[in-house]
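What follows is a short report on a single structure.
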Amino acid sequence: MKWPNITIMTLTGKSSGRSNIMEWKTSLKKYVDRKKKPVAEEEQKAEEMQQFTELYHDWKGVDHSHHTLKLPRLYDKLPSEEEPLLLKLREESRAVFLQRRSRELLDNDELQRLWFLLDQYHTPPLVGDDQMINFEDFQKVATEAGQKCQQFFKSSVFTKLLQTDPYGRISIMQFFNYVMRKVWLHQTRIGLSLYDVAGQGYLKESDLENYILELIPTLPQLNGLEKSFYSFYVCTAVRKFFFFLDPMRKGKIKIQDILACSFLDDLLELRDEDLSKEMQESNWFSAPSALRVYGQYLNLDKDHNGMLSKEELARYGTGTLTDVFLDRVFQECLTYEGEMDYKTYLDFVLALENRKEPEALRYLFRILDVQQRGHLNVFSLNYFFRAIQEQMRTHGQEPVSFQDVKDEIFDMVKPVDPLRLSLDDLVTCGKGDTVVSILIDLNDFWTYENREYLVPETTEEDI
């Protein structure tokens, strides 16, 4: 009689062969021998742990010859919302870490003491009204300044600030400004990190909104804003950060990028109570600027539904944006039932008001790339310029030849490929804003065409 083919199943659900049967026999033998001989409880536990580890590694498929190596961990999974204790632990540990880093920074009293030491050990003679210090005196200040200041008193720092002084000295004012700037950057980074919920060095849109909302009371230039306008102000301010620092629309910005750009400086400039009217008007984050942008949005919204249709947006600026361009805006940008909300409108305004910037050109290039090929060919240019020609006919003007405009565009840009324009071509040529303007706005095209007549003549008195 032939025995049936029986497959023995282990705990893992895998079929085992003759070798597995032998392992089980060996394990049973060891168990019987252990029962015959009295074994200490600690030794028994150690042996059981060893057997469990071997079985576990067999189940996981770990090579016994390498399982003892301690490899560095490359990735730590963030705790999920279903693990509240781990989340709380992570949050508390980050808070303790940031507090410790904050205590390592110089406070106002320590900065004042540092200034007095620099003044005491300055090296004559003066350069104008500016006090100077050589490396020897620089080291004397380092000795008395305390442990917190040692990071600033390195020879590399002294070398960076060394200019053309014949005595080999650096400016005390420049060095102190360097220290102040470093302290400010660290303070700001810690302040931003407190809003980094995930603790990954990024801020999401909601994180940055919370930061700016809590910053408003500390900015004297915003004291006149009504609290009902706070949400619109925060939205206006946050959009500039995300438009320029998150061009790929990932929904988060590196804290490092926020510190590296000038936007935070512009925002904190509003602490100056004596900020001039001209400075306020040129600062996107000022109250007059935010009210201007929001007021324009309300004026365009004729049906008062809080959204802008294509017909309403057509009145933007001088009202000479082409219909073809506006159609593409509503095709490419986020809309709600064919209408644009305030956040999308802010991206539109930032792109048109900053056409020289690479991020604005990226936004506008996406709209001009009607064939979605990653470049603009003659067809794309003609597609948009025909709308300019139609507007010229409507205003009783003789349309300009597309062939002439096309040749001028390619002469300005000098693209790598002579048959098409890429985004890199528009950015590197320095004339990308001009190219875009003459394709989307009749008023801008007319200004470009008559640029020679619009330049004021230089008189002898001006010279």
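The values are calculated or read from the model by the stated rules, or taken from the named source; none is laboratory data. Source: prediction; values computed, not measured. Quick reminder, even Gly has a Cβ in these numbers, built from the backbone with ideal geometry, and neighbours come from all protein chains shown. In case anyone asks, the SASA skips ligands and DNA or RNA and just uses the protein heavy atoms, side chains included. Shrake-Rupley method; radii C 1.70, N 1.55, O 1.52, S 1.80 Å.
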task: Name the residue, out of Glu281, Glu312, that is buried (at least 17 other Cβ atoms within 10 Å of the Cβ), free of Cβ contacts under 8 Å to residues at least 24 places away in the same chain and in a helix (DSSP H, G or I).
output: Glu312
task: Report, by residue number, each residue of region 222-268 that is charged (D, E, K, R), in a helix (DSSP H, G or I) and in contact (Cβ under 8 Å) with a residue 24 or more places away in the chain.
output: Arg239, Lys240
field: Members of region 372-389 found to be without any contact (Cβ under 8 Å) to a residue 24 or more places away in the chain and open to solvent by less than 10 Å² (accessible area, probe 1.4 Å), listed by number
entry: Ser380
- prompt: Are any of the residues in region 90-103 open to solvent by 50 Å² or more (accessible area, probe 1.4 Å), closer than 30 Å to Tyr167 by Cβ and touching a residue at least 12 places away in the same chain (Cβ under 8 Å)?
  reply: no
- request: Would you list the helices (runs of 4 or more DSSP H) that sit entirely within region 337-442 and hold 2 or more residues that are basic (Lys, Arg) and over 21 Å from Leu321 (Cα atoms)?
  value: none
task: Of all residues in region 315-344, count the ones that are among the polar types (S, T, N, Q), within 25 Å of Ser231 (Cβ to Cβ) and surrounded by fewer than 18 Cβ atoms within 10 Å (Cβ to Cβ).
output: 1
message: I'd like the full set of residues that are under 29 Å from Arg315 (Cα atoms) and either among the polar types (S, T, N, Q) or under 25 Å from the mean Cα position of the chain (by Cα) (or both), limited to region 408-442.
response: Leu423, Leu426, Val427, Gly430, Gly432, Asp433, Thr434, Ser437
field: Extreme residue, farthest from Ala237 (Cα to Cα), among residues of region 185-205 that are in a helix (DSSP H, G or I) and either modelled with pLDDT of 95 or more or of a type in the set (D, E, K, R) (or both)
entry: Arg189
message: Go through (1) surrounded by fewer than 17 Cβ atoms within 10 Å (Cβ to Cβ); (2) under 23 Å from Tyr363 (Cα atoms); (3) within 30 Å of the chain's Cα centre (by Cα) for Ser276 and report which single condition fails.
response: (2)
- request: Keeping to region 284-309, report how many residues are open to solvent by 40 Å² or more (accessible area, probe 1.4 Å), assigned to a helix (DSSP H, G or I) and either of a type in the set (S, T, N, Q) or closer than 16 Å to Ile216 by Cα (or both).
  value: 4
